[in-house]
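Taking it in order: structure first as structure tokens, then the write-up.
The values are calculated or read from the model by the stated rules, or taken from the named source; none is laboratory data. The model shown is predicted, which means the values in this text are computed figures rather than measured ones. All Cβ positions, glycine included, derive from the backbone under ideal geometry; neighbour counts span all protein chains shown. When the accessible area is computed, the model is the full protein with side chains, heavy atoms only, and any ligands, DNA or RNA have been set aside. Shrake-Rupley method; radii C 1.70, N 1.55, O 1.52, S 1.80 Å.
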Amino acid sequence: LGCGKIARVGHLPWLARHPGVEIVAVADPLEKNLALAARRWRVPRTFADPSALLDSGLVDAVAICSPPWAHREQAVAALERGLHVLCEKPLAPSVADAGAIAAAARRRPDLVFQAAFQKRFQPGFEAVREMVRGGALGQVFHVECSWHNWIPDFELPWMRRLFAIARRFGIDPARDLGAWRQLDPRGGGDFLDHGPHYFDLFRTWLGEVTHVSAHLRRLHPGFVGEDQANVLLKFESGATASLARSLNVVGRPHGAETGAVHGTAGSLFWRAPHEYTLRPVKLRRYGVANVIPNVATPVRYRGRRLASYRRQIEHFVRRIDGRSREALPLAPGLAASAEDGLRAIEIVEACRRASEACETLEVAPGAAPAPRG
Ligand SMILES: NC(=O)c1ccc[n+]([C@@H]2O[C@H](COP(=O)([O-])OP(=O)(O)OC[C@H]3O[C@@H](n4cnc5c(N)ncnc54)[C@H](O)[C@@H]3O)[C@@H](O)[C@H]2O)c1
């Protein structure tokens, strides 16, 4: 359901090459995306109305790749019709909607519901998870991540001109270029779209989140939602994690996504390429033995070349087949549930409340005692 960018990069190619899967039908209200998917992956049936596909009785499972505002209706309807569901993140734009999906999944424990947090399946991040949980870094006390892109203000004169030219060629930026994230209030904005990825991943490394503090801003008045987010999470272990997510950092065209895990026995640094490139995450380790030579050690891990999307699909299909306990190449329990998807939205909303409450202390000039002498 939905034949846009993520369907074309993260779902259809991997479903098509999976020997246990037959892509029976695709649905999308946008004719050109529907036709493109049907042609490229030789899909026999197409539906302009996604609910007609759900009612068709043709399929056993669906991948929900529509924009977030459509997820609740489609996920609940699919579960009620006895279909297994792989649902893109964010699970839904609000806790209320995500909660309705989780409740529907709970009512059908016989069906597989998987939230599409593919970073869990990124082999490099799985190696990080194993190192953190296996104690290879000692006691982990902090994780940090910066995930930056640059999306210019759409109100800038040259952007207005660019969009006007695009429209002349029939291209609607919100509909065709993914700019619904910045322009459509139903989408919930960039922080809702990107924050859940790392909130979820950090939970698989560090356990449950207990507290959040956040400073969320919108630097582009014309965008919906927050485009500048600085978040601090506290976990039940006492560890903390910071996420800096921005649409305002001028840099590489694909943005930058880097981070580090800090433990008492060492630190692990990661650099993640843009997921659509399907390239591996780079890991470097710095332990006590690295201090004197001052050289980080590259970390090698299994399955470097395996795309996270491919592994995600593989896992989904295996779970439907009832083979989820097969150990390799996928650790059991790696998939995200509807509850995990809901939890990420709860964290997003908690960050918003924390940011609005502005639970910070003012540091007024002159408030500190004057130095003596
Ligand atoms: N896992 C990831 O890393 C990742 C990456 C990108 C997008 N996503 C998520 O995937 C979803 C889709 O994002 P995208 O980048 O593919 O957007 P997109 O705009 O490229 O594609 C969305 C498609 O859904 C179609 N659509 C609109 N309303 C629909 C409806 N009611 N039912 C079915 N289809 C409908 C559109 O016509 C379009 O073809 C979003 O939830 C997004 O956050 C996840």
To the nearest 10 square angstrom, how much accessible area does Val140 have with a 1.4 angstrom probe? 10
Once every DSSP H run of n ≥ 4 in the chain is given -39500 (n - 2.57) and the sum is divided by its residues, what mean residue ellipticity at 222 nm do you get, rounded to the nearest 500 deg cm²/dmol? -10000 deg cm²/dmol
Segment 205-362 - accessible surface per residue (Å², probe 1.4 Å): 53
Charges only on Cβ, +1 for Lys and Arg, -1 for Asp and Glu: so what's the dipole of the chain about the Cα centre, in debye to the nearest 20? 1400
So how much accessible area does Trp180 have, in Å² to the nearest 10, using a 1.4 Å probe? 40
Potential extension, Leu162-Arg302 segment - 0.36 nm per residue separation minus Cα distance: 46.0 nm
Restricting to the chain, what percent of DSSP beta bridges are antiparallel, rounded to 5? 70
Amide H partners (placed H, <5 Å) of Gly263, local residues excluded: Phe141, Leu268
Derived scalar couplings ³J(HN,Hα) [segment 293-310; Karplus, 6.51 cos²θ - 1.76 cosθ + 1.60; whole Hz; x for Gly, Pro]: x, 6, 10, 6, 9, x, 9, 9, 8, 5, x, 3, 7, 7, 6, 4, 5, 4
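Taking 0.36 nm per residue of separation and subtracting the Cα-Cα distance, what length does fully extending Arg175 through Thr210 add?
8.9 nm
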Restricting to Cα pairs below 8 Å that are 6+ residues apart, what does the relative contact order work out to for the chain? Please round to a whole percent. 19
As a quick test, which of the pairs Lys5/Lys282; Lys5/Lys89; Lys5/Lys32 have an alpha carbon distance above 21 angstrom in this structure? Lys5/Lys282
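Starting from the residue with the highest accessible area, list Tyr198, Tyr301 in decreasing order, probe 1.4 Å. Don't skip to the end; give the middle numbers.
Details: Tyr198 0, Tyr301 30 Å².
Sorted descending by solvent-accessible area, the residues read Tyr301, Tyr198.
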Residue among Pro298, Pro13, Pro253 with the largest mean-square fluctuation in a Gaussian network model of the chain, springs linking Cα atoms under 10 Å: Pro253
Which aspartates and glutamates, on any chain, are close to Lys234 with Cα under 19 Å apart, when same-chain ones fewer than 8 places away are left out? Glu144, Asp200, Glu208, Asp340, Glu346, Glu349, Glu356, Glu359
By its C-alpha gyration tensor, with a ≥ b ≥ c as the square roots of the eigenvalues, how is segment 1-40 shaped: rounded for a/c under 1.5, else prolate for a/b larger than b/c, else oblate? prolate
With +1 at each Lys and Arg Cβ and -1 at each Asp and Glu Cβ, the charge dipole magnitude of segment 222-294 around its Cα centre, to the nearest 20 debye, comes out at 360
Classify segment 39-189: rounded, prolate or oblate, from the alpha-carbon gyration tensor (a ≥ b ≥ c, eigenvalue square roots; a/c under 1.5 rounded; otherwise prolate if a/b is larger than b/c)? oblate
Under 5 Å between amide hydrogens, which residues at least 5 positions from Gln114 or on another chain qualify, with H placed 1.01 Å from N in the peptide plane? Val85, Leu86, Cys87
Shape verdict for segment 235-296, please, from the Cα gyration tensor: rounded (a/c under 1.5), prolate (a/b greater than b/c) or oblate. oblate
Quick one: net charge around Leu36, please, counting Lys, Arg +1 and Asp, Glu -1 for every other residue with C-beta under 11 Å from its C-beta. +2
Just from the alpha-carbon atoms, what are the Rg and Dmax of the chain in angstroms? 21.8, 84
Excluding ligands and nucleic acids, what accessible area in Å² is computed for Lys234 using a 1.4 Å probe, to the nearest 10? 90
Out of the total accessible area of the chain (probe 1.4 Å, heavy atoms of protein only), what percent is carbon and sulfur? 54
Taking a probe of 1.4 Å, how large is the accessible area per residue of segment 1-46, in Å²? 53
